[in-house]
Structure formats: C-alpha cells, structure tokens
Amino acid sequence: MPIEKLVIFLYDRVPELEKEVKYLRERLSKYETPKNSNNSSIPPSKDENRPVRKSLREKTGRKPGGQKGRQGNTLKMVEIAGTIERHVPGYCSFCGHNVSDSPSCFVGKRQVFDIPEITVHVTEHQVYQKRCSICGHETISSFPAGIQSPVSYGPNLQSLAGYLHARQYLPFKRMQEFFNQVLHVPISEGGIHYLLNKLAQKAVPAYQMIKERLSAETGSFVGSDETGVKVNGKKYWAWTWQNNGATFITITDNRGDKTVKETYEKGFEKAVLVHDCWKSQLNTPALSHQLCTAHLLRDLNYLTERYNHKWSRTCKTLFQSAIRLKNKMSATDYLTPKKQRTSITGWTNC
C-alpha cells in the first residue's frame with residue numbers, strides 16, 4: 001500500500017479507535033469502582049469481599065459516650081426495698097466482748113437489685129356443686145373463661161413465648177431450653193408452636209386494623225420494601241408497608257405484583273409511596289412515588305467514587321441539609337414559610 005494511502009487509512013481510523021478506547025475505559029471503570037451495599041441497592045449479603053461498611057450518617061463532632069445534659073440511667077436506690085436485712089454486730093471487733101444487748105444506731109445502707117428464684121406458680125381452679133333446698137336443682141359452678149383443658153399454660157407464659165419468638169428471634173429449640181432450664185416449665189417445641197398459633201389467632205383483628213390504617217393514609221406517605229427471607233429452607237419475601245404510626249408485614253412466596261394486588265389492591269391513592277423503584281412498587285397505584293432517600297445517598301456515593309464529580313457531592317450535601325432541617329421541624333412548621341426550607345426547595349427547582 002502506498003504511504004499516502006496508509007496515512008489516510010490510519011488518519012481515518014483514529015476517531016474510531018478513540019471511540020473504542022473510551023468505550024473500553026468506561027467498561028473498565030465499572031470494575032475499578034464496583035457497586036456494593038455502600039453505594040447502591042445491593043444487599044450486604046451479595047457484597048464481594050465484604051467492603052467496610054460506610055454509614056450514611058454525618059459526623060457530628062461530638063465525642064463518644066454520654067453527652068452533656070443528657071438524663072442518665074444510673075442504677076438508683078428505691079425508697080422502700082422489698083426485703084431489708086439488718087446486719088447488727090454481735091461481738092466487739094477489737095476485744096471480742098459480747099455486745100448483743102448493747103444499743104445500736106443506723107450507719108448506712110446499700111441496695112442490691114436481683115431477680116428472685118424463678119419458680120412456676122400453679123393455680124388450681126375447682127368447681128363445686130350445690131343442691132337447692134327449695135326445688136332440689138343441682139347447680140354446678142363454671143370454670144373461668146379460656147380454661148378448657150385439665151392442664152394448660154397461662155396468659156403470661158403465652159405472652160412470653162410470643163415475645164421471645166417475635167422480638168428476640170429465638171429458635172424453637174432455644175426457647176424450649178429457656179422454658180425448661182430457666183423457668184422450670186415443662187414444654188416441648190410442639191407446645192411452643194401451639195402457643196404461638198393461639199397468639200396469632202388473637203392478633204388477627206389488630207393485624208387487620210394496622211393494614212386498614214395504612215390503606216386509609218391521606219396526605220402523607222407510606223414507605224414500602226421487600227426483603228428475602230427463608231421459610232422452612234425456601235426463599236420467600238417479607239413485604240413491609242409503614243408510616244409514622246404503623247407497620248404492616250406479610251410473608252409471601254413472590255416478589256411480583258401479585259403480592260401488592262392481594263394485599264393492597266387499590267394501592268395508596270391518597271398518599272406518597274416511598275420505595276426503591278422496584279417494578280412492583282412502581283406499578284402500585286399511589287398519589288405519587290418517591291425514591292427512598294437512603295438509596296439516593298448510596299447512589300450519590302457511587303457517582304462520587306467513580307467520577308468524583310462536584311454535582312454528586314453537592315447533591316448529597318443538599319439531601320443531608322434537608323434531613324437535618326426535617327428532624328428539627330414540627331408538623332406546624334410546614335404551614336408557614338421557612339427560610340431554610342425555601343432555600344432548599346428553590347435550589348431543587350433551578
């Protein structure tokens with residue numbers, strides 16, 4: 001090939017090669033700045049090499065520990081103790097003389113907070129029969145409501161089982177050990193299942209009330225999310241809807257629109273739905289939709305790590321300023337103009 005044609009060929013290839021280099025650099029940068037739970041919606045369980053967690057909270061400049069002016073929780077003496085033990089000397093500590101009959105005076109006191117020995121309290125309910133002296137009819141008294149079997153567990157034990165299961169997340173085997181060894185209550189894992197099922201039936205009305213309260217939300221927000229959970233070794237989803245006053249959770253076998261339609265068919269037509277832009281959430285009817293601020297902050301972290309752009313840093317500062325202002329404002333503050341709020345909303349409208 002003549003040198004002139006070779007130069008022209010190479011000259012024409014330069015833009016194409018530059019475009020290819022830019023494309024390859026763009027792809028490579030994704031690996032140099034990978035997405036993880038710190039800068040995206042990726043859950044921590046899927047992080048590669050588990051990066052160091054970065055909190056979205058800002059530094060306050062305060063030292064660790066209790067702050068000045070706080071109300072402490074130091075253990076304090078009570079005015080009337082449940083048990084008083086008097087320790088009066090019987091012999092002189094110097095010469096050994098018997099001082100039992102000598103008068104004594106109070107010097108000081110110390111209190112010990114402890115739990116008494118835990119024993120099961122068994123209440124026996126007995127019913128009796130009486131014959132009427134006039135008509136001869138025999139009347140038998142009734143057992144209290146809820147006591148239907150010869151031996152049963154009382155309401156306090158039922159409530160404790162529910163607390164350990166739903167709040168402390170104890171497995172059934174460990175719950176059985178706690179009841180058997182600490183409380184000295186003979187109960188099997190099957191018995192714990194039985195108690196929890198009874199509690200679940202009692203909670204149905206409250207469960208429905210919470211669900212209806214969220215569906216009736218007007219003029220405010222409802223936050224929603226779905227998280228993978230294991231149920232009997234299989235993958236399920238824990239769907240959550242909540243506002244400032246209530247949280248509704250349901251466990252289903254899918255992450256699609258089916259759960260939303262079965263739970264909140266009409267959606268939230270009078271409330272703003274806050275979520276992470278999952279398709280099923282976006283398809284939910286609502287007054288409007290808003291992306292979760294925590295997700296936005298993580299996305300801005302990624303943009304800053306990858307491009308180090310001024311816009312992502314400025315935008316993150318703006319969100320953090322808005323969060324700080326929101327935490328200081330009361331409900332009535334939104335009814336009147338506020339200079340700080342106006343400055344923030346004015347910036348976002350630019």
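The values are calculated or read from the model by the stated rules, or taken from the named source; none is laboratory data. A quick note: this is a predicted structure, and the numbers were derived from the prediction, not measured. Every residue, glycine among them, receives a Cβ derived from its backbone with ideal geometry; neighbour counts consider all protein chains shown. All accessible areas refer to the heavy atoms of the entire protein, side chains included, with ligands and DNA or RNA removed. Shrake-Rupley method; radii C 1.70, N 1.55, O 1.52, S 1.80 Å.
Pick from the range 114-130 the residues that are over 30 Å from Leu75 (Cβ atoms) and loosely packed, with under 10 Cβ neighbours inside 10 Å: which of them is farthest from the chain's Cα centre (by Cα)? Explain how you work it out, then say what you get.
Step one: filter the range 114-130 for residues over 30 Å from Leu75 (Cβ atoms), giving 122-130.
Imposing the further condition that a residue be loosely packed, with under 10 Cβ neighbours inside 10 Å reduces the set to 122-129.
Details: Val122: 36, Thr123: 37, Glu124: 40, His125: 41, Gln126: 45, Val127: 46, Tyr128: 50, Gln129: 53 Å.
Within the range 114-130, the match that is farthest from the chain's Cα centre (by Cα) is Gln129.
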Fill in the blank from the handout: For the range 204-257 the number of residues that are more than 16 Å from Trp278 (Cα to Cα), touching a residue at least 40 places away in the same chain (Cβ under 8 Å) and among the acidic types (Asp, Glu) is 1
Practice task
Kindly indicate whether any position in the range 159-171 is in a loop (DSSP other than H, G, I, E, B), without any contact (Cβ under 8 Å) to a residue 40 or more places away in the chain, open to solvent by less than 50 Å² (accessible area, probe 1.4 Å) and out of contact with any Ser or Thr (no Cβ under 6 Å at 6 or more places or on another chain).
Solution key: yes
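When the residues of the range 140-158 are narrowed to those that are open to solvent by 80 Å² or more (accessible area, probe 1.4 Å) and β-branched (Val, Ile, Thr), which ends up farthest from Leu183 (Cα to Cα)?
Ile140
Could you tell me whether Thr218 is surrounded by 16 or more Cβ atoms within 10 Å (Cβ to Cβ) and either touching a helix residue (DSSP H, G or I) at 6+ places or on another chain (Cβ under 9 Å) or not in a strand (DSSP E or B) (or both)? Don't jump to the end; show me each part of the working.
Working: surrounded by 16 or more Cβ atoms within 10 Å (Cβ to Cβ): no; either touching a helix residue (DSSP H, G or I) at 6+ places or on another chain (Cβ under 9 Å) or not in a strand (DSSP E or B) (or both): yes.
It is false that Thr218 is surrounded by 16 or more Cβ atoms within 10 Å (Cβ to Cβ) and either touching a helix residue (DSSP H, G or I) at 6+ places or on another chain (Cβ under 9 Å) or not in a strand (DSSP E or B) (or both).
Filter the range 62-108 for residues that are touching a residue at least 24 places away in the same chain (Cβ under 8 Å) and either open to solvent by 100 Å² or more (accessible area, probe 1.4 Å) or among the acidic types (Asp, Glu) (or both) and give the result.
Going residue by residue through the range 62-108, those that are touching a residue at least 24 places away in the same chain (Cβ under 8 Å) are 75, 77-78, 81.
Those that are touching a residue at least 24 places away in the same chain (Cβ under 8 Å) and either open to solvent by 100 Å² or more (accessible area, probe 1.4 Å) or among the acidic types (Asp, Glu) (or both): Leu75, Met77.
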Practice task
Scan the range 24-44 and report the pairs whose first residue is under 12 Å from Tyr302 (Cα atoms) and whose second residue is open to solvent by less than 100 Å² (accessible area, probe 1.4 Å) and small (Gly, Ala, Ser), with Cβ atoms within less than 8 Å and a gap of 6+ or a chain change.
Solution key: none
Practice task
Determine whether Thr218 is in contact with a Ser or Thr (Cβ under 8 Å, 6 or more places away or on another chain) and polar (S, T, N, Q).
Solution key: no
